[in-house]
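K.L.:
Take a look at this one; I'll ask things after.
Every read-out reported here was derived from the displayed coordinates using simple, explicitly stated rules and does not represent laboratory data. Keep in mind it's a predicted model, so treat the numbers as computed, not measured. Cβ coordinates were reconstructed from backbone atoms using ideal geometry, including for glycine residues, and neighbour counts include every protein chain displayed.
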Amino acid sequence: MHDARLAAVLIGLSVSLVNCGAPRPEPSLRPEIKTVEIIPANVSVQSGTLLLLESVIKDAAGTVLSDARTDSVLWQTSQFAAAQQIMGRVTTIAASGVPPSTINVTASIGDAIGNATVSVTAPPTSSPPTPSALLIDWVRAPPVLTAAHPGWPTFALVDNLQNGPQRSAALFAFTELTGVGDVDCNGNPCGEVTVFSPMLGIKRDTVRWAKGCDFADLIQGSIAPCASPLLGSALSPVGQRVHVPVVIWQASSFADANSKIAGDVAYAKSVFDDPWTGFQIDFTIQIASQATEYLKSLGSCQNPIPDYDYSTQLPGIPAEEIKPDRITVAYVDDTEVMSAYACPYDSNEGVLIVISHSGSGGSSLAHEIGHALIQWNGLDNTHTDGFDGFDKSNLMYSTETADPGIRKHLTLGQLFQISVRDKSFLKQSGISSGVGIWCPPPPGNDVPCPRYGRDGIR
């Protein structure tokens, strides 16, 4: 999603280009580009640190376009002359200058132009900010400090449902520290902060905001007053990413089964290795002792009739290997109805996914793992067709497009459901500790969970 979109802008210093890799072949029919978006559109960055901004181009229907034209986006900033244009899909900004200051960034292709604002602040410290003139609240989360992955922002969704500014899942993007305004709970635990820190887990905590200046530190795991008394909240640091075991069984007799599975796994890794997912999938590939040529009654999963139960129709997979703390995938020759299907979570078998070699596409494995992780069966099995904020680029769109590489994006709202929702695979299996939150359908608002389409990344 992100790693393939690389070029560079150094604000106020210098310019360099990052290798974008080999260009993809362009489709025979190319819709006209109507809009350009910069993600994130508003972000806080400390002086002297790096930040990545990504451009996304869309057609008139709002569908993300992933053809080679995305490499021709032109970047400009308020600190460059008009002739100094930077090309590429992702811009790396090294903020300089005397904070506080604002950098305006544009990304354009043809007549379509996108805009972003970068707020440059003072370098962060381990102590709360203390300027008496800025009685606002702050959120601090771990920055990416490695040389290999500089500049990925943290995204935070901040709630305050009772007093002060009324906000639900307000989005903030920053590299370590950001001000979130003056939030006051009047002594009640009305606040909530969910942070999506790159290469780490997704962390949700309640915060008892007090009038004045509060410093919610998700690095040291504390909340401290900046310039006013605090009524008390207990936070904990952002943890490591959760590891999700996915065991794939080759139960297909097709000669190219190995290469198909390898290609599907590579594509799934490109989806789920995104730095903001909060988890890492650990793939293991096994060879079944015998092939399954045809699976009956796809969709029945744990059927009381043995001949139609999935696990009994997979004689080449040992029953003891289908476990509740893993996702088990069986590649078979063919199926009766759909080309791929993910079962609901079962306390004895975990989640079983069946994929037809003869009918599935290149993004089918990643798509079905998405079903397995989200486990929201009351909403058309979590398909996103027709929902506000979604297009064919989302991993959970129901059908694969002509370009399988388009269907791969997950929103912040979806990632929240995967990590935090009580009925998700991570919570039901016990892989992710702690009690999950109930997220009622339909997912059209930000209470009590961020709406399904809430996003700030692509």
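K.L.:
So between residue 253 and residue 336, what do we pick up on full extension, going 0.36 nm a residue minus the alpha carbon distance?
P.N.:
28.2 nm
K.L.:
Check cross-link reach from residue 296 to the aspartates and glutamates: straight Cα distance under 18 Å, and skip same-chain residues fewer than eight apart.
P.N.:
307, 309, 333, 334, 336
K.L.:
Further, regarding this structure: Give me the distance in nm between label points sitting 7 Å out from Cα along the Cα-to-Cβ direction at residue 113 and residue 358, one decimal.
P.N.:
Going from the residue 113 label point to the residue 358 one covers 5.6 nm.
K.L.:
Can you return the lysines within cross-link range of residue 323? Criterion is Cα-Cα under 16 Å, with same-chain partners fewer than 8 residues away left out.
P.N.:
Those lysines meeting the cut-off are 427.
K.L.:
A further question on this structure: Work out the FRET efficiency for residue 270 and residue 348 from their Cβ-Cβ distance, taking R0 = 41 Å, and round it to the nearest 0.05.
P.N.:
The formula returns an efficiency of 0.80 here.
K.L.:
Let's test the formula: R0 of 51 Å, r as the Cβ-Cβ distance of residue 302 and residue 402. What FRET efficiency results, to the nearest 0.05?
P.N.:
That gives a FRET efficiency of 0.90.
K.L.:
Using a 7 Å offset from the Cα along the Cα-to-Cβ direction at both residue 262 and residue 206, what is the distance between the two label points in nm, to one decimal?
P.N.:
The two pseudo-label positions are separated by 5.2 nm.
K.L.:
Using Cβ counts within 10 Å as a stand-in for footprinting exposure, how do 175, 106, 77 rank, fewest first?
P.N.:
106, 77, 175
K.L.:
Oh, and also: Please work out how much length the chain gains when fully extended from residue 435 to residue 285, using 0.36 nm per residue of separation minus the C-alpha to C-alpha distance, in nm with one decimal.
P.N.:
50.9 nm
K.L.:
Roughly how big is region 35-121's charge dipole about its Cα centre, with Cβ charges of +1 (Lys, Arg) and -1 (Asp, Glu), in debye to the nearest 20?
P.N.:
Value, rounded to 20: 160 debye.
K.L.:
Another question, then. At 0.36 nm per residue, minus the direct Cα-Cα distance, what do residue 78 and residue 243 gain on full extension? Give it in nm, one decimal, please.
P.N.:
Stretched fully, the residue 78-residue 243 segment lengthens by 55.2 nm.
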